[in-house]
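The values are calculated or read from the model by the stated rules, or taken from the named source; none is laboratory data. For clarity, every value in this text was computed on a predicted model and none was experimentally measured. Cβ: placed from backbone, ideal geometry, glycine included. Neighbour counts: every protein chain shown. The protein model used for the area step is the full one, side chains on, heavy atoms only, and it has no ligands, DNA or RNA in it. Shrake-Rupley method; radii C 1.70, N 1.55, O 1.52, S 1.80 Å.
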Amino acid sequence: MDKSEAKKILNETREQIDILDKKILKLICERTLLGKKIAKAKMILGMDIEDPIREKEIENKARKIARKNKINEKKITKIVKILTEMNREEQKKVMGR
Ligand SMILES: O=C(O)C(=O)C[C@]1(C(=O)O)C=C[C@@H](O)C=C1
């Protein structure tokens, strides 16, 4: 591979990353905003915002996918923890907490 080819690959790959980033961020927003619906249901059910058992289920699924794809499980777990924290924050807005 010469420099010209390398530059082309770099630019093309960056474009691919930009497209994926946009999709990932859209999905993160969608996932977070579902907290509003969950909060309304939990208010009727008298449930707490935080559900550790459910969070562990989510974490375990994420770890399984990380292992299957040979990517860092600890990092994926951190990402999932952030996602659930964002969802909890959305719930708190609805529940006035
Ligand atoms: O499923 C729920 O009970 C939620 O509140 C959603 C969610 C999540 O982000 O997936 C958020 C907080 C809970 O601790 C568990 C999971």
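If you check Lys93 against the conditions, is it open to solvent by 70 Å² or more (accessible area, probe 1.4 Å) and either of a type in the set (A, V, I, L, M, F, W, C) or within 16 Å of the ligand (Cβ to nearest atom) (or both)? Steps first, please.
Values: open to solvent by 70 Å² or more (accessible area, probe 1.4 Å): yes; either of a type in the set (A, V, I, L, M, F, W, C) or within 16 Å of the ligand (Cβ to nearest atom) (or both): yes.
It is true that Lys93 is open to solvent by 70 Å² or more (accessible area, probe 1.4 Å) and either of a type in the set (A, V, I, L, M, F, W, C) or within 16 Å of the ligand (Cβ to nearest atom) (or both).
For region 46-75, how many residues meet the condition of being within 11 Å of the ligand (Cβ to nearest atom) and open to solvent by 70 Å² or more (accessible area, probe 1.4 Å)?
Looking only at that region, the number is 9.
Counting only residues that are open to solvent by less than 80 Å² (accessible area, probe 1.4 Å) and among the hydroxyl-bearing types (Ser, Thr, Tyr), which one in region 1-45 is nearest to the ligand (Cβ to nearest atom)?
Thr32
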